[in-house]
Amino acid sequence: MADALKIGIAGLGTVGASLVRIIQQKSNELAATCGRPINITAVTARDKNKDRGINLGGIAWFDTPEELAAKADIDVFVELVGGSEGAAKASVKAALDRGLHVVTANKALLAYHGVEFAKIAEEKGSLLNFEAAVAGGIPVIKALRESLTGNSISRIYGIMNGTCNYILTKMEKEGLSFADCLAEAQRLGYAEADPAFDIEGNDTAHKLSILTTLAFGNQIAADDIYLEGITNISIEDIRAASDLGYRIKLLGVAQRTDTGIEQRVHPTMVPVDSVIAQVDGVTNAVAIESDILGELLMVGPGAGGNATASSVLGDIADIAKSQPGAQRVPVLGHPAKALEPYRKAQMQSHEGGYFIRLTVLDRTGVFASVATRMAENQISLESIVQRSQQHLSPSHHQTIILVTHATTEDSVRKAVAAIKGEGYLVGEPQVIRIERPKED
Ligand code: HSE
């Protein structure tokens, strides 16, 4: 049997501890499958004395990720520290500069430094693997980077944040508050260290920017994404969506348009009978539409220790199985030096259906005025309903819910601005975009 592959792991949180446990429990199977043993030879984490329920006996301890990356006797540096800057960035750079292979689950790091790191890895002839960075256990990176080569991709979209999907599902099914659902997601180890990254949509945006580059061959453009999180979604929206035959999901969508690439992350209404609408809890889903294959939908566990560790382990096993000096698949699917500049489509040009919920004063002519403002902006309505809210408010408010046929973001913004100027609106209007799978 060939020499063992020596790995060093930086970060022993939920994912790191799961990874150590799995590698130790499956050492014989892994050695047989990979043709060589996988040995954990070095680790680092914030607290040396914390009980993580794993055996670190015989493994060299380093005080910082940077030190481990620079000095440990390893073949592969596994970065599970998190964050786009600081120790994660410095240690990955040090490892790549040394010519080590790197495996990371760090979407923020790749979103901001992925191209620079891909160039170094490609120059050094080493591997930079990151399957766990997007959609947890779903092998979407490999699908885009390798299996779909030759396909021209038109749209890629999905549920990429387990915490948000868990919250939206629990609010709908159990009627629990947003705060209670978030606390439970944190307890289960799904959420980011700062959960604002989950619920404000940044985590989905980081993941989407990586998929966009793999799909379209452009430079990663993580800051050029239209972004709305789920903090504004109420039980009322979820119920109204359900009454109209939709469910609300936080989607990341990247789409090729005539004017460039549209990248957006926002709460989205999806038809209740679509497969993606049935994806509940921490489960993720990624749909890829392309010319040769048609629609590919991948569904699976999106967050948590084992789901993420499964992808990290797959990346390590790929390195163990690879031949030294072999031709490498480009890190981002296209040679890093050949990535095109990102051409951004303006959000105002986005075309699709919209759900609009307005709380209005109960006055004569309001309903007609809303319909008129829509017509003035060439917005065709699929439905418009009015509901009394007298049970909710002593001031005789009404709720008007509109669903539009396909229109533009620009028309909707203009119509909503006109309605705001009429003086009968109570609070802010709620606007949720509708996304339809290809088969609809
Ligand atoms: N916080 C992330 C999520 C973890 O909830 O999906 C996986 O990237």
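Where a number appears in this text, it was derived from the coordinates with a stated rule and is not lab data. Remember, predicted model here, so these are calculated numbers, not experimental data. Methodologically, a virtual Cβ is constructed for each residue, glycine included, from the backbone with ideal geometry; neighbour enumeration extends over all protein chains shown.
Overview of values
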read-out	value
Radius of gyration, Dmax [the range 289-440; alpha carbons; angstrom]	24.4, 77
For the chain, calculated [θ]222 nm from helices alone, where every DSSP H run of n ≥ 4 adds -39500 (n - 2.57)	-10500 deg cm²/dmol
Across K71/K124; K71/K107; K6/K50; K26/K142; K48/K321; K26/K170, pairs whose alpha-carbon gap is larger than 27 Å	K48/K321; K26/K170
P(r), alpha carbons of the chain - 20 Å bins starting at zero, rounded %	25, 51, 20, 4, 0
Cβ-Cβ FRET estimate between Q378 and T149, R0 fixed at 30 Å, reported to 0.05	0.15
Table column - 3J(HN,Hα) (Hz), the range 60-69, Karplus curve with 6.51, -1.76, 1.60, x for Gly and Pro	5, 9, 10, 7, 9, x, 4, 5, 4, 4
DSSP-defined beta bridges in the chain - what % are antiparallel, rounded to 5	70 percent
Acute angle (nearest 10 degrees) that the helix 202-216 long axis makes with the longest principal axis of the chain, alpha-carbon atoms	80 degrees
In order through the range 173-190: 3J(HN,Hα) via Karplus (6.51 cos²θ - 1.76 cosθ + 1.60), integer Hz, x for Gly, Pro	7, 10, x, 7, 6, 4, 5, 5, 5, 5, 4, 5, 4, 5, 4, 7, x, 8
Potential extension, N55-D180 segment - 0.36 nm per residue separation minus Cα distance	41.6 nm
In degrees, nearest ten, helix 366-376 long axis to first principal axis of the chain (Cα)	70 degrees
Protection proxy ranking, peptides 360-370, 101-111, average beta carbon neighbours within 10 Å, highest first	101-111, 360-370
Burial order of peptide ranges 304-314, 222-232 (average beta-carbon count within 10 Å, highest first)	304-314, 222-232
Rh by Kirkwood over Cα pairs, then Stokes-Einstein D for the range 24-70 at 0.890 mPa s and 25 °C, µm²/s	199 µm²/s
Peptides ranked, highest mean first, by Cβ atoms within 10 Å: ranges 22-29, 247-254, 89-96	247-254, 89-96, 22-29
Separation in nanometres of the label points that stand 7 Å from Cα toward Cβ, at D47 and D223	3.5 nm
Long-range tail of P(r) for the range 194-292 (Cα pairs > 18 Å, %)	52 percent
